[in-house]
Amino acid sequence: MQGFLNLAWLVPVPTFLAFAAIVLFANRNKTVSALIAIGGAVLSFLLSWPIAFSAFTADHFGQHPVEAQLFSIPTGTSDLWIGYQVDPANALMLFMSSFLLVMIFIYASGYMTFPAHLSPATYPIAAAQGKDPRYSRFMAYISLFATGMMGLVVSNSLLTFFIFWEIMGLCSYLLIGFWYEKKSAQAASIKAFMTTRVGDVFMLVGLMFLYIHSQSGNLLFSDILSAENLHHLATLSVTVPLINVTVPWVAPIAILIFFGTVGKSAQFPLHVWLPDAMEGPTPVSAMIHAATMVSAGVFLLVRMFPLFATAGEVAPGTMHFVAFIGAFTALFASTIAIAQWDIKRVLAYSTISQLGYMVAAIGIGAYVPALFHLITHAFFKALLFLGSGSVIHGVEHGLHHVHEHGHHDEPAPGGEHGGKEGHTPTEAAGHGHTGLVIHRKDGDLNLEDPQDMRNMGGLLSRMPRTGWTFIIGGLALSGFPLTAGFWSKDEILGNAWGGGNTLVFGALVISAFLTAFYTARQIGLTFLGKPRTEMAKHAPESVPSMTWPLILITPFALLLGFIGTPWGNWIEGFMEPYIEHLEFHALHVEFSFIPMLVSIVVAVGGLVAGYYVYGQGLAEGQVDPLRNWLGPLWLVFHNKYWIDEFYKGTVVAFSHWLSKVLYWFDDLWVIDPIVDGIGQLGVWLARLAAEFDRLVVDGLVNLAGWLSNRAGGILRNTQDGQVQVYLLLLVVSMTVWLLLKALPIFLKLV
Amino acid sequence: MDIIQQLFPLPPIPTLQQAVFIPLALFTAVCALLVVLSPNLFHNALALVGTLFGVAGIYALLEAEFLAISQILVYVWSISTLITFAIMLSRGMMFGATSKTNKQAGTAIDGIVVIGFIGWCNFVSARSKLDVSIAVA
Amino acid sequence: MVPLSWYLVLAAFVFSCGLYGALVRRNAIAVLMGIELMLNGVNINLVAFWRYGDIIDKATQQVVRLDGQIFALFVIAVAAAEAAVGLALIISIYRNRKTVSLDQMDLLKG
């Protein structure tokens, strides 16, 4: 089994080949494209799991992680080495992401039906097939995305890590804006790209500092994270400008790299892109915004943890900052989540909140729990996203059904009705989500919005597979005892408690309660009670290619936590040798029942509270009870603390203002006039030179020619063939000669 | 006036030789002028014969009798005959309205006058030496 | 005794007349006649200088050298030959071009 470890570099290859094959050859055929994409993902999966399991089964694998260079790209005096590595951390990532990618690919092949916002008349062929017009392109994008994710996981240097990181950023942009006919999707894709760009630029700066100040002259993890190099960075001090504080280099580098995580994992100041990114197709949300890409941000922290640990030792503020951002985000996002109506937005804020958990865990030094929660969260959050996608799909179908068959409570228009039964699905789809918008005390409601939970209710009986798997995922998310989320969340809480980080512990406990509450609310509003709309009444169960991935992920969401129970902590044992190998200190706490009890209490309490409020769903037209209890606070939550509006008023407005000023500066006032002036001057000088050339230079040349011509004209007259002229010339010449000879005589005579 | 005296030094009373020479030279000169100035080609030829005779006389006056005879034989007989024949053979073409002289007449006269003047000056400057030698003789 | 200068003046006059004829007459035969005049002017000079030059034997008081006369004789001979050839050329040209006007003879024009 050990031989598989050296094949790790092959993991990103099949999906990349699938991407190339779809783009180059298969883009005309949607079915073949889907098969190629799924095939690539399955191949990648079939490579990843043996690698992961050979790592899991090896004795003290962490002591001897596999690392090798494949080839180098010469860059001036140094080399950029491209290689791969397998260690316990990325073995777990390989295990998680390859499996989820396959599930999501299969799910996507069923999910990408003809979207409602498009007119079937524009795309008649795709509408007849019932598939998205850009189905193949979608498959190509997600294949490229998978390449980025797998490459990031197996890369052995921070630079290749960053390259794959950016490939994922690109794919994220392309996929969020996949339905670019929707204005909101366009805006969301740009927002996601720009927001993560802020973090990535900081990260790149951190990378450069790390490169400059490392002893090794490269960015290989094995070199930059070695104890000597970290010690070197910790002793090298720098005075940070503006704030004028002298700190070891390792601290600003850690902070800068952490900003990469803040952008990618949607932590507090830069979290705004993730909820909007739900404009993309739901498999994208599941893949990018739950399972893989946002986890990559946390994975970066896990990878760079020795650096952060060193920074925390010499400058404790660094880790406190990380912990603060994580804990604050966890609490902050979970409060927003309890007041959202969009089923995917709830999950998006939930994701932000859970990522905050992991970041907080890193911040308090809980290395293994962060990784553990990363893995379990990816499973149950992917399950929830895929489930929500299935729900949305079902409700959309219900909407089509209602459009096709008319509203039951409306009187049918007589005998004509039978003739209109034969509405084609394409015509019905043409209506899109343009339903009536009503203003309610708890936010505006679009009556035909298939994502608004107020339009759902009672779907458990309509969609049993989706419903039950969603409920299991929800329980795991809220940390119901014995599910995966319970164990991993408990680990984090236990570490926060044991490490004495009371504030972090408190924030995480509150957000755990809120998590359980909004999960119960979501389940209650969506699946329990009675259907509140016609479309919910007619929502069908999704196709098997969508439900089977749900069913296959469910066991992991339920049982994966048992690898990290406090009594038989396999993952701790698996990671321990690696921590020793890298010679850094991770927080290690004794098991305590207090945090576990607290965890159980808040989880179950939150669930019970949520069930108490929302267990029977809401009556048709009933306002959210929380709205009445919390009053204006609810509006604060519902409007996401007006952060978006704040950014719009400050950062975006400033950017617009700045671009306007720069436009004036560049195009109207300064730069262009200068450039134009230089151009005009050039033209003027050229004219002057042309005149000079024409008059002086050409004049000289023409003068020479003219003189030759005239001289020839004059002299040729002497050669006129007239004998007597020759004779006369002779005489004149003689005369002149004699005059000269006679000159002395004349002078004498005079 | 001194300059004119110097340029045209004439003895007051001609000797016998001089008395012969002066008419002969005048005849010769007039005939020479006729040769070039008379519009009729035949008159030119006749004037040429006259000139040649005059020159023969000058030879005789200079005590070169053989040359005088040769002059008459060669020039007056043969060359004159040749010229006369040539005139007669090309005749008919020469009686047109066109001028007997070409366009460069003025220039030519200027040049000739200047040359003659210079020759005269040369002669005057050389005269004293010659007179000395003649006096010696 | 006739002064040498008289001869020389006559010679110059004859020569000038000949030169004038050679330069300005259109008719080729007239030009030829001018040339004969020039030659005669030269001959007068030659003979006059021969006669008046200091080439007289001191003892006998006789002219012992005949340079001038011989030169003049050569000139006469050459002039005869030249006249013969020149007139032959003129006749030949006349036959070809029906003219003896030198104005119309510009085959040497460059």
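The values are calculated or read from the model by the stated rules, or taken from the named source; none is laboratory data. Note that the structure is a prediction, hence the values are computed from the model and not measured. Don't worry about glycine lacking a Cβ; one is built from the backbone with ideal geometry, like all the others, and counts go over all protein chains shown. All accessible areas refer to the heavy atoms of the entire protein, side chains included, with ligands and DNA or RNA removed. Shrake-Rupley method; radii C 1.70, N 1.55, O 1.52, S 1.80 Å.
Selection of the range A:36-60 for residues being under 17 Å from A:Val153 (Cβ atoms) and either surrounded by 21 or more Cβ atoms within 10 Å (Cβ to Cβ) or of a type in the set (Ser, Thr, Tyr) (or both) yields A:Gly40, A:Ala41, A:Ser44, A:Phe45, A:Leu47, A:Ser48, A:Ile51, A:Ala52, A:Ser54, A:Ala55. When A:Ala653, A:Ala704, A:Ala690, A:Ala711 are screened for being open to solvent by less than 90 Å² (accessible area, probe 1.4 Å) and closer than 30 Å to A:Leu270 by Cα, only A:Ala653 passes. For the range C:66-79, the condition holds for at least one residue, the condition being that it is away from chain A (no Cβ under 14 Å), out of contact with any Leu (no Cβ under 8 Å at 6 or more places or on another chain) and modelled with pLDDT under 85.
Within the range A:55-63, is even one residue over 28 Å from the mean Cα position of the chain (by Cα), hydroxyl-bearing (Ser, Thr, Tyr) and more than 30 Å from A:Lys131 (Cα to Cα)?
To start, the set of residues in the range A:55-63 that are over 28 Å from the mean Cα position of the chain (by Cα) comprises A:55-63.
If we keep only those that are hydroxyl-bearing (Ser, Thr, Tyr) as well, we get A:57.
Filter once more, so that each one left must be more than 30 Å from A:Lys131 (Cα to Cα): A:57.
Yes - at least one qualifying residue is present in the range A:55-63.
Of all the numbered requirements in (1) modelled with pLDDT of 85 or more; (2) over 24 Å from A:Trp341 (Cβ atoms); (3) surrounded by fewer than 15 Cβ atoms within 10 Å (Cβ to Cβ), A:Ile600 misses one, and that requirement is (3).
Taking the criterion of being farther than 30 Å from A:Met194 by Cβ and away from chain C (no Cβ under 14 Å), would at least one residue in the range A:659-675 satisfy it? Can you show your working first?
So the first thing to find is which residues in the range A:659-675 are farther than 30 Å from A:Met194 by Cβ, and the list is A:673-674.
Among the residues that remain, those that are also away from chain C (no Cβ under 14 Å) are: A:673-674.
Yes, the range A:659-675 has at least one match.
The residues of the range B:48-72 that are within 9 Å of chain C (Cβ to nearest Cβ) and assigned to a helix (DSSP H, G or I), listed by number, are B:Leu48, B:Thr51, B:Leu52, B:Gly54, B:Val55, B:Ile58, B:Tyr59, B:Leu61, B:Phe66, B:Leu67, B:Ser70, B:Gln71.
Scanning the range A:443-468 for residues that are assigned to a helix (DSSP H, G or I) and either open to solvent by 10 Å² or more (accessible area, probe 1.4 Å) or among the basic types (Lys, Arg) (or both) yields a total of 7. Residue count for the range A:534-550 under the criterion of being of a type in the set (A, V, I, L, M) and surrounded by fewer than 16 Cβ atoms within 10 Å (Cβ to Cβ): the result is 1. The residues on offer are A:Ala21, A:Ala26, and the sole one that is more than 30 Å from A:Pro369 (Cα to Cα), modelled with pLDDT of 90 or more and more than 23 Å from the chain's Cα centre (by Cα) is A:Ala21.
The set of residues from the range C:1-45 being more than 7 Å from every other protein chain (Cβ to nearest Cβ) and either of a type in the set (Val, Ile, Thr) or not in a helix (DSSP H, G or I) (or both) comprises C:Pro3, C:Val9, C:Val31, C:Ile35, C:Val42. State whether the residues of the range A:720-732 include one that is at pLDDT 85 or above and open to solvent by 100 Å² or more (accessible area, probe 1.4 Å). Checked the range A:720-732: at least one residue is at pLDDT 85 or above and open to solvent by 100 Å² or more (accessible area, probe 1.4 Å). Just to be sure before I move on: is B:Ile79 within 7 Å of another protein chain (Cβ to nearest Cβ) and over 11 Å from the mean Cα position of the chain (by Cα) in the structure I sent? Against the criterion (within 7 Å of another protein chain (Cβ to nearest Cβ) and over 11 Å from the mean Cα position of the chain (by Cα)), B:Ile79 qualifies.
Output the residues belonging to the range A:179-190 that are open to solvent by 50 Å² or more (accessible area, probe 1.4 Å) and assigned to a helix (DSSP H, G or I). A:Lys183, A:Ser184, A:Gln186, A:Ala187, A:Ile190 - these are the residues of the range A:179-190 that are open to solvent by 50 Å² or more (accessible area, probe 1.4 Å) and assigned to a helix (DSSP H, G or I). From the list C:Trp6, C:Trp50, the one residue that fits, being touching an Asp or Glu at 6+ places or on another chain (Cβ under 8 Å) and without any contact (Cβ under 8 Å) to a residue 40 or more places away in the chain, is C:Trp50. For the range A:310-324, residues that are surrounded by fewer than 24 Cβ atoms within 10 Å (Cβ to Cβ) and in a helix (DSSP H, G or I) total 8.
Residues of the range C:71-89 that are touching a residue at least 12 places away in the same chain (Cβ under 8 Å), under 12 Å from C:Leu32 (Cβ atoms) and more than 11 Å from the chain's Cα centre (by Cα): C:Gly86, C:Leu87.
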